[in-house]
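Worksheet for the structure shown next.
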Amino acid sequence: MKIELEGSLLRMVPENDREKAELNQLWTIVVGCVNEGRKLVPVGEYIPGIKEVAVFNIE
């Protein structure tokens, strides 16, 4: 998945069919959060080379 930041915009470009399906699932979750007044909150920390996974909670 290619991820680009442009100012306050985050652009995610899937690079294969699996990533397309995963991005579609994420899109549905994020839109649901907006409609329900919920938000994604980071859990822990992401450190490239040490902790290679970014975790978020839906509140």
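The values are calculated or read from the model by the stated rules, or taken from the named source; none is laboratory data. For clarity, every value in this text was computed on a predicted model and none was experimentally measured. Cβ placement follows ideal geometry from the backbone for every residue including glycine, while neighbour counts extend to all protein chains displayed.
Tabulated results
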read-out	value
Hits in region 20-32 (condition: more than 12 Å from the chain's Cα centre (by Cα) and at pLDDT 95 or above)	20, 21
Extreme residue, farthest from residue 58 (Cα to Cα), among residues of region 13-39 that are out of contact with any Asp or Glu (no Cβ under 8 Å at 6 or more places or on another chain) and of a type in the set (A, V, I, L, M)	21
Matching residues, region 47-56, being surrounded by 10 or more Cβ atoms within 10 Å (Cβ to Cβ) and under 12 Å from the mean Cα position of the chain (by Cα)	54, 55, 56
Cβ pairs under 8 Å, 6+ apart, first in region 30-51 and more than 23 Å from residue 11 (Cβ to Cβ), second outside any helix (DSSP H, G or I) and among the basic types (Lys, Arg)	44/51; 45/51
